[in-house]
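The values are calculated or read from the model by the stated rules, or taken from the named source; none is laboratory data. Values in this document were obtained by computation on a predicted structure and should not be read as measured data. Please note: Cβ atoms are built from the backbone with ideal geometry, for glycine as well, and neighbour counts cover all protein chains shown. These area figures cover heavy atoms from the full protein model, side chains too; ligands, DNA and RNA do not enter into them. Shrake-Rupley method; radii C 1.70, N 1.55, O 1.52, S 1.80 Å.
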Amino acid sequence: MSAPMKRFAYLSFLKLFNELIMALNKFMHPRNKYKSKKANFQYLAIKYPEFRKHVYPDVSGKLFLDFRNPDSLRQLSTTLMKEDFGLDVVLPPDRLVPTIPLRLNYILWIEDILKDSSIKGDISGIDVGTGGSCVYPLLSARMNKWRFLATELDDTNFTCAVKNVERNQMTNLIQVQKVEKDVVLLDVLETSAATYTFCMCNPPFFMDNLEAQGITNTRSDDRPEPHSVNTASPTESVAFGGEVEFVKKMIHESLELKTKVRVYTSMVGKKTSLSPLKEELRKLKILNFSTIEFCQGKTMRWGLGWSFDENIKFPKSEFKEKRKEKRPPLSYVVPEDTPGIMYTTEGVAYQIKECLKQLQIKCEDKKSNETKISMVLTAYQNTWSNQRRKAQTSQGETISRTFIRH
Ligand SMILES: C[S@@+](CC[C@H](N)C(=O)[O-])C[C@H]1O[C@@H](n2cnc3c(N)ncnc32)[C@H](O)[C@@H]1O
């Protein structure tokens, strides 16, 4: 088969593959403003000169942002906070850059828990490890006027979070507290008579520096490679035992604090972290708990919530509900006039296998007959995203920068 014919078939199958993966987008929280309205790079580049420096036009004039450049990511987040929430935020270099659609999904889930549990009025939350951005308290205070106690271990992040709160005149709503190592909730709340409606946390996710550097990283066990660079520093992203041990500590401390906090929640970055945490909750007889999926773009994170208050109701997961529904099979009709393809079951299967081989996807033959061929596919990493663009840009030419269409 000639090179252009091969390319045509290859691109068609890539399109199908990417459609499958992008299906995640529709599970973004229904009230998340980025669900229906993606950031308009054109508009933002005209309005914000600093943002303009980080976008590049492709041949058709469409603007792209380099998601692997930490400065560009930082600029995107601060620009969105300004444009969509009227927040002036400065993010420290070499520290985690918060992606706004994900942070919104978490806040909206908490809004749902409070609504389903009929909790109204004066709402106060704790954000464990608020980061330099102080993103959850700032967004929540802006959206809902919730009061916050935000804790932080890292000196740089603490100083920066305090300044971000002051810069946005929110000291009446948000108090940032510096904590010492090994403190999660207990030491912060033990001596205070205050009670809180909820707590939230995006825990340090890695077990050690090796995992943080991706050497023993288990992310690829169940998820494709991240599309954007990891901007977190070891001091803020590494904790003994990773996120599982961190959240387990929260669970144990909650046993002592009980209803001093009405709803305990944490985000987790790996699906595999959920099972040991749910097991721990069951073991400790904390049975009012729930999990949720935070879906945005091509990444997925999870929320875990638990409570000692029987009036607390956790919303059903739309993602799980939809997964239960019988979905129509994804179909793709290979055009009869596709050049170089034998229009038979075997001919088309051969072509599919060639494409899968190029994508380094393991392909195991299962039962077959004249009209049906079954295969089990195993992908070890995401080799298909952006391939369409790469192939269109140039065949065989090395692309030095990776741009992702937003
Ligand atoms: C993954 S970052 C999350 C930052 C921010 N909340 C966000 O979502 O962008 C974890 C943060 O927790 C802080 N941290 C780690 N251990 C902590 C502890 N025991 N108490 C409070 N903060 C802690 C780290 O310094 C870091 O800023």
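Grab the Cα-Cα distance for E370 and N40, subtract it from 0.36 nm times how many residues apart they are, and report the gain in nm with one decimal.
Additional length available on full extension: 113.9 nm.
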- Kindly sort M300, M267 by accessible area of their heavy atoms, largest first, with the probe set to 1.4 Å. M300, M267
- Query: Counting only residues 5 or more places away or on other chains, whose amide H sits under 5 Å from the amide H of S233 once H atoms are built in the peptide plane?
  - Reply: L96
- Dipole axis of segment 270-316 (+1 Lys, Arg; -1 Asp, Glu on Cβ), positive-most option in L287, T299, P315: T299
- Message: For Y350, what accessible surface area do you get with a 1.4 Å probe? Give it in Å², rounded to 10.
- Response: 130
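How about segment 241-313: which GluC sites (Glu not before Pro) there lie in a loop by DSSP and see at most 16 other Cβ atoms within 10 Å?
Numbers: sites: E243, E245, E253, E256, E279, E280, E293, E310; in loops: E310.
Answer in residue order: E310.
Beyond a 29 Å Cα-Cα separation, which of these cross-linked pairs lie in this structure: K26/K271; K47/K316; K82/K178? Intermediate values should be presented prior to the final figure.
Numbers: K26/K271 19 Å; K47/K316 40 Å; K82/K178 26 Å.
Cα-Cα > 29 Å for K47/K316; rest within.
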- Task: Arrange the residues R327, R262 by how much accessible surface each exposes, largest first, with a 1.4 angstrom probe.
- Result: R327, R262
- Task: Any chance you could list P(r) for segment 307-348, counting all Cα-Cα pairs in 5 angstrom bins from zero, rounded to whole %?
- Result: 5, 14, 13, 9, 9, 9, 8, 9, 6, 4, 4, 5, 5, 0
- Task: Compute the length gained on full extension between K283 and D116: take 0.36 nm times their separation in residues and subtract their Cα-Cα distance, giving the result in nm to one decimal.
- Result: 57.5 nm
- Query: How many angstrom separate the Cα center of segment 172-196 from the Cα center of segment 259-304?
  - Reply: 21
- Query: aspartates and glutamates near K115 by alpha-carbon distance under 18 Å, same-chain residues fewer than 8 away left out - which ones?
  - Reply: D309, E310, E318
- Task: Filter the trypsin sites (Lys or Arg not before Pro) in segment 334-375 to those in DSSP coil with at most 16 other Cβ atoms within 10 Å of their Cβ, and list the result.
- Result: K372
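In the neighborhood of I119, defined by Cβ-to-Cβ distances under 13 Å, what is the net charge if each Lys or Arg adds +1 and each Asp or Glu adds -1? Let's see the in-between values first.
Values: positive: K115, K120, R262, K313; negative: E111, D112, D116, D122, D309.
Combined, the nearby Lys, Arg, Asp and Glu give -1.
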- Mind grabbing the accessible area of I341 for me, 1.4 Å probe, Å², rounded to tens? 20
- Message: Let me see the P(r) profile for segment 239-286: every Cα-Cα distance counted, bins of 5 Å, each bin given as a percent of all pairs.
- Response: 5, 20, 32, 26, 13, 4
- Task: Using only protein heavy atoms and a 1.4 Å probe, report how much of R95 is accessible, in Å² to the nearest 10.
- Result: 30
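Hey, if we sort M200, M342 by accessible area with the 1.4 Å probe, largest down, what's the order?
Numbers: M200 0, M342 130 Å².
Ranked list, largest accessible area first: M342, M200.
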